[in-house]
Amino acid sequence: MTSIALFGAGGKMGYRLAKNLKGSRFDVRHVELSDAGKARLQADLGLSCVDADTALSGAEVVVLAVPDTAIGKVAAGIVDKLAAGTIVIVLDAAAPAAGHLPDRADLTYFVTHPCHPPIFNDETDPAAKRDFFGGVAAKQHIVSALMQGPEDHFALGEEVAKVIWAPVMRSHRVTVEQIALLEPGLSETVCASLLVVMRQAMDECVARGVPKEAARDFLLGHMNVLGAVIFEETPGVFSDACNKAIEFGIPVLMKDDWKKVFEPEEIAESIRRIT
């Protein structure tokens, strides 16, 4: 059995991974510092934790399910204990892109991240329909990158990724730089910011007298139909009035140079702030 050392196994993300890895073909060694995390793993999943040295002994894969701000410290603390050829899996591109992984050419660095369940889906099970994050019941796509290491290590890294993010539909191979464009660039700097603005716009309508439930229903319904057309989920065209509102709305809402958030220096600065 391929052995995996899972660091941060009792944390918010690590617990999800530990649950999905349970019963897989992998021999998983769970590492968790907090007593609360250890207790949760034992009580909920019947899993015991071991110390770092025990977990790393003979481990072929190391998964760092720890916060971005801790990746560099944790990696530096274990790097001298890793055998050549060990695959180190990181769950976000921020720390790797910021240069926080130790400089060891004989290690493989693999980065993977979930796309999360798509808005447009075919889920019918109530649990899947309410699984917004993914990795529990709803199907999702994932992205993965082989940052360094032999090409044949990608297959094992992707296999682990498909288990920890299961159930998985499409698995996209990209680069670490491309994952950084997707997050924080596309998903957080752009998408999350604009969604917050949309919520603020809804609240403004409520402040101007529209009942909150009516405003929410109206906005979410229009997000559905407008999004389906804009993202080519269904064929369709907007009315002349809608197109005119878009034509005049974008300049009011967006700066002309807003796409600079995707420039390398802007992505690097965004990553610096979160790591």
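Quick notes
- Qualifying residue in region 15-25 (condition: more than 22 Å from Phe154 (Cα to Cα) and open to solvent by less than 60 Å² (accessible area, probe 1.4 Å)): yes
- Residue match in region 42-59 (condition: exposed (fewer than 13 other Cβ atoms within 10 Å of the Cβ) and under 25 Å from the mean Cα position of the chain (by Cα)): yes
- The residue of region 227-264 that is farthest from Phe120 (Cα to Cα), among those that are assigned to a helix (DSSP H, G or I) and β-branched (Val, Ile, Thr), is Val252.
- Across region 10-54, the number of residues qualifying as in contact with a strand residue (DSSP E or B) (Cβ under 7 Å, 6 or more places away or on another chain), in contact (Cβ under 8 Å) with a residue 40 or more places away in the chain and of a type outside the set (Phe, Trp, Tyr) comes to 5.
- Residues of region 60-77 that are open to solvent by less than 30 Å² (accessible area, probe 1.4 Å), more than 13 Å from Ala18 (Cβ to Cβ) and either outside the structural domain of Leu107 (by the TED database) or not small (Gly, Ala, Ser) (or both): Val61, Val62, Leu64, Ile71.
- Condition check for Ile71: touching a residue at least 40 places away in the same chain (Cβ under 8 Å) and part of a loop (DSSP other than H, G, I, E, B): no
- The condition of being in contact with a Cys (Cβ under 6 Å, 6 or more places away or on another chain), open to solvent by less than 40 Å² (accessible area, probe 1.4 Å) and not assigned by the TED database to the domain that holds Val63 holds for only one of Ala228, Ala215, Ala180, that being Ala215.
- Residue tally, condition out of contact with any Phe, Trp or Tyr (no Cβ under 8 Å at 6 or more places or on another chain), surrounded by fewer than 18 Cβ atoms within 10 Å (Cβ to Cβ) and of a type outside the set (A, V, I, L, M, F, W, C), over region 99-124: 10
- Residue under evaluation Phe218, criteria (1) in a helix (DSSP H, G or I); (2) closer than 19 Å to His116 by Cα; (3) not β-branched (Val, Ile, Thr), criterion not met: (2)
- Filtering region 47-59 for residues that are outside any loop (DSSP other than H, G, I, E, B), closer than 24 Å to Ala138 by Cα and of a type outside the set (A, V, I, L, M) leaves an empty set.
- Scanning region 154-164 turns up at least one residue that is closer than 21 Å to Gly14 by Cα, assigned to a helix (DSSP H, G or I) and of a type in the set (Asp, Glu).
The values are calculated or read from the model by the stated rules, or taken from the named source; none is laboratory data. Just so it is clear, the model here is predicted, and its values are computed rather than measured. Neighbour counts are summed over all protein chains in view; Cβ atoms, including those assigned to glycine, are modelled from backbone coordinates with ideal geometry. What goes into the accessible areas is simple: the full protein's heavy atoms, side chains included, and nothing from ligands, DNA or RNA. Shrake-Rupley method; radii C 1.70, N 1.55, O 1.52, S 1.80 Å.
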